[in-house]
Amino acid sequence: MAAAILHGVGATTPLSSVKYNNSRRSLPGSGITERKRASFVIQCYGSLSSGLNIGINRAVKLSTNAVATKQDSVTASTPSKPGHELLLFEALREGLEEEMERDPWVCVMGEDVGHYGGSYKVTKGLADKYGDLRVLDTPIAENSFTGMGIGAAMTGLRPIVEGMNMGFLLLAFNQISNNCGMLHYTSGGQFKIPIVIRGPGGVGRQLGAEHSQRLESYFQSIPGIQMVACSTPYNAKGLMKAAIRSDNPVILFEHVLLYNLKERIPDEEYVLSLEESEMVRTGDHVTILTYSRMRYHVMQAAKTLVNKGYDPEVIDIRSLKPFDLHTIGNSVKKTHRVVIVEECMRTGGIGASLTASINEHFHDYLDAPIVCLSSQDVPTPYAGTLEDWTVVQPAQIVAAVEQLCR
Amino acid sequence: MAKIIHNPLVLSSSRSAEKSESCCKLSGPTSFMSSKFLGNKLLSTNSATSPATRRSAAVVAVSSDVVKEKKLKSSSSLANLLITKEEGLVLYEDMILGRAFEDMCAQMYYRGKMFGFVHLYNGQEAVSTGFIKLLKQEDCVVSTYRDHVHALSKGVPARQVMSELFGKTTGCCRGQGGSMHMFSKEHNVLGGFAFIGEGIPVATGAAFTSKYKREVLKEDCDEVTLAFFGDGTCNNGQFFECLNMAALWKLPIVFVVENNLWAIGMSHLRSTSDPQIWKKGPAFGMPGVHVDGMDVLKVREVAQEAIGRARRGEGPTLVECETYRFRGHSLADPDELRDPAEKAHYATRDPITSLKKYLFENNLANEAELKAIDKKIDEIIEDSVEFADESPVPARNQLLENVFADPRGFGIGPDGKYRCEDPKFTQGTAQV
């Protein structure tokens, strides 16, 4: 199962059409916030297209002056601190290293995490610094070393178990389901399991069906665990730290294609909340809920949508279990339309659960049925063209929003 | 119906002599060191025997009168007895506690006080007592679903175990675990697992923590973990994976196989290509020892050595205890498959009777003292049933209490507050 894992991740670029750079034009009247650093800024002045149907009640009033991102003054900015630039996998490593430095009970275990530095270099250099026992190279025995991590967590350690690819954790399902999630409850609260299980998942670049799995849909029913998905260097580091400090078992989903994202993150220490979602772009017309890699497809679609005069609100839900119903709810109450864009399969994915949850809680606020865009119920094919069609592409998102806002 | 090829008297006496030799000649660390030595010796014995004897030699869990005789001889000829009087009484009391408790469980089950799957330990007491009575409180024990007696031996009060079985809130797991999930943080009982093999990695993890404390945190830690599991588990991947990791990192763990020959209705010999489980230890680089699990003193000797090895940092040991369960797999098992002759045979090797005999013959205790212990245990058991009966059942608000160590894991509700801050939440009426 530890087959051709590429360490040449540098060869893949997540999105060819999006440039990430540091230059940004600040909008008058608002400071650049910490949270906004991940988003790119494009200013455009669209014009109303004459063919729009403005007469119908449910139609969306399109703006003439929409911007792809809006800066909101949620948190005060500290422009004096420069921050430092790094790639997402480095951000994960930074978070991990800071926590290992802070707490000697934090340790890492997984395949090739030690001497090899991790198949995606997340643990590079840590074994040299902390030794072979704290950064443990395990044999290829997922079920057993995950169970070992759980036993270690029960007896005081705070292990981070790396699945070389999330798909390999299918072999650890026994331990994750039965022990990881359940033992705190079954023991009547006597033993806590502060374990972090992390690894890359999702559809990559022609990695084949078995290396392109989305395990968040399989794990979501397990009681007693929390699941988070990171999507930017900023939230990757913050979520990593939060997950390690949490006394609950947390599964941190990373994405194979996002490891080389570059961003400037703050120098000072920060920890994000595991249960909160991230407002990527505020808007009025439609709420687009997404996470992980699909966030970038959504933002690309948002660019197009803005050009067409729409004003989407984009939320990166980040917390896959439990859902942040507050942020999501407030958004639904404002826009009354929801599009969910996810990479899970159509059947039984995170989107399916989210749809049910929103319908249950915010049904009265919806003007239209929720649209859920998911991957096809298909084992990810190898061929590039087929693979592109299994996941949701920006054009589909644009079409869905247009349809919804008609 | 498959009959076990199981004829005690046909056993090649040289074979059993080897085995009992390995059990009895425990002079010191060196006896475990050369696991290869043990393996090789027996292998060469095997090849020298004819096919007929080899077939019967493959039959694992057979007592031979040779072994019994040897035991009597050794006990009377040894200058020093294997145990002192105090130790003897402790062992006796622990085994009686286990036996009486399990018998009471059966009664209570049939009276409708406990439900579900209940797996009783009758007959195997020597293994639990022999091993666990050598442990400190900080040492960890991991077991399977047949875990009542392991918990009791480790020190969990009978009241708490009985309450747990009755599903009351005063149980060791607040009634949330049940028969198959006995946990105790105070006494370091790490479960209680329903799926076989599932506990072995957890035990490996506990041993890893011990090693971590010693080598990374530089603490003075010599805590040992015991993993108990059965013969059926020894065909499971987790078993082998953990043998590998434990030997690789020299973890302070002892793998104790309670080979009672039966996995529900599957005979060990029908499911295992090489039924001699102890041999699988040397394959991974640790000593494999076979011991008569119906004899608490033999088990204790082997345990002493194995636990000592682990404490000294010399690594894991695989101990196969040849034992037998007098009752069915669980209280739902009619136990019709096993040969009555086999059951009768093992009934004669009841570990409690054997220990009693030893104590009398070596003047370590008299009838009155043992009867006093019997009575004491009866009272403890009666008290535990009373306590469990009178304890309250869990209230509705207990339902969601221990799902998360950090209850913020329930998330943020539509009103912006954490769900766990919702007063209705503790009442169990809030929607999650």
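Any read-out appearing in this document is the output of simple, stated calculations on the displayed coordinates, not a laboratory observation. In this text the structure is predicted, and so the values were computed from the model without any measurement. Don't worry about glycine lacking a Cβ; one is built from the backbone with ideal geometry, like all the others, and counts go over all protein chains shown.
Computed values, structure above
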| item | result |
| --- | --- |
| Total residues in the range A:300-333, condition in contact with a helix residue (DSSP H, G or I) (Cβ under 9 Å, 6 or more places away or on another chain), farther than 25 Å from residue A:251 by Cα and not aromatic (Phe, Trp, Tyr) | 12 |
| Criterion (closer than 17 Å to residue A:331 by Cβ and among the acidic types (Asp, Glu)) met by exactly one of A:367, A:377 | A:367 |
| Set B:199, B:237, B:192: member being more than 8 Å from chain A (Cβ to nearest Cβ) and over 21 Å from residue B:287 (Cβ atoms) | B:199 |
| The range B:213-228 - residue that is surrounded by 24 or more Cβ atoms within 10 Å (Cβ to Cβ) and touching an Asp or Glu at 6+ places or on another chain (Cβ under 9 Å) and, of those, farthest from the other protein chains (Cβ to nearest Cβ) | B:228 |
| Failed item in (1) in contact with a Leu (Cβ under 7 Å, 6 or more places away or on another chain); (2) more than 30 Å from residue A:181 (Cβ to Cβ), with residue B:383 passing the rest | (1) |
| Candidate set: the range A:295-318, residues that are part of a helix (DSSP H, G or I) and of a type in the set (Lys, Arg); chosen: the one farthest from residue A:215 (Cα to Cα) | A:303 |
| Residue in the range B:92-104 that is buried (at least 20 other Cβ atoms within 10 Å of the Cβ), within 12 Å of the chain's Cα centre (by Cα) and of a type outside the set (A, V, I, L, M, F, W, C) present | yes |
| Some residue of the range B:191-204 being over 25 Å from residue A:174 (Cβ atoms), hydrophobic (A, V, I, L, M, F, W, C) and either in contact with a Lys or Arg (Cβ under 8 Å, 6 or more places away or on another chain) or buried (at least 24 other Cβ atoms within 10 Å of the Cβ) (or both) | no |
| Verdict on residue A:213 being away from chain B (no Cβ under 14 Å) and of a type in the set (S, T, N, Q) | yes |
| Residue among A:333, A:321 that is among the basic types (Lys, Arg), surrounded by fewer than 19 Cβ atoms within 10 Å (Cβ to Cβ) and within 13 Å of chain B (Cβ to nearest Cβ) | A:333 |
| Residue selected from the range B:170-181 under the condition facing chain A (nearest Cβ under 9 Å) and not hydrophobic (A, V, I, L, M, F, W, C), by the criterion surrounded by the most Cβ atoms within 10 Å (Cβ to Cβ) | B:177 |
| Search result, residues across the range B:264-276 that are without any contact (Cβ under 8 Å) to a residue 40 or more places away in the chain and either part of a strand (DSSP E or B) or crowded, with 19+ Cβ neighbours inside 10 Å (or both) | B:266 |
| Flag if residue B:377 is more than 30 Å from residue A:332 (Cα to Cα), surrounded by 14 or more Cβ atoms within 10 Å (Cβ to Cβ) and either at the interface with chain A (Cβ under 8 Å from one of its Cβ atoms) or within 27 Å of the chain's Cα centre (by Cα) (or both) | yes |
| Matching residues, the range B:107-147, being under 22 Å from residue B:207 (Cα atoms), away from chain A (no Cβ under 14 Å) and not aliphatic (A, V, I, L, M) | B:128, B:129, B:130, B:131, B:133, B:136, B:146 |
| Within the range B:240-263, tally of residues that are within 17 Å of residue A:149 (Cα to Cα) and surrounded by 24 or more Cβ atoms within 10 Å (Cβ to Cβ) | 8 |
| Lone unmet requirement of (1) away from chain A (no Cβ under 13 Å); (2) in contact with a helix residue (DSSP H, G or I) (Cβ under 6 Å, 6 or more places away or on another chain) for residue B:416 | (1) |
| Any hit, the range A:277-291, residues being within 14 Å of another protein chain (Cβ to nearest Cβ) and under 30 Å from residue A:158 (Cα atoms) | yes |
| Complete set of residues in the range A:200-227 that are buried (at least 24 other Cβ atoms within 10 Å of the Cβ) and at positive phi | A:202 |
| Within the range A:220-294, strands (runs of 3 or more DSSP E) holding 1 or more residues that are in contact (Cβ under 8 Å) with a residue 24 or more places away in the chain and hydroxyl-bearing (Ser, Thr, Tyr) | A:286-290 |
| Cβ pairs under 7 Å, 6+ apart, first in the range B:311-327 and in contact (Cβ under 8 Å) with a residue 60 or more places away in the chain, second hydroxyl-bearing (Ser, Thr, Tyr) and surrounded by fewer than 24 Cβ atoms within 10 Å (Cβ to Cβ) | B:324/B:346 |
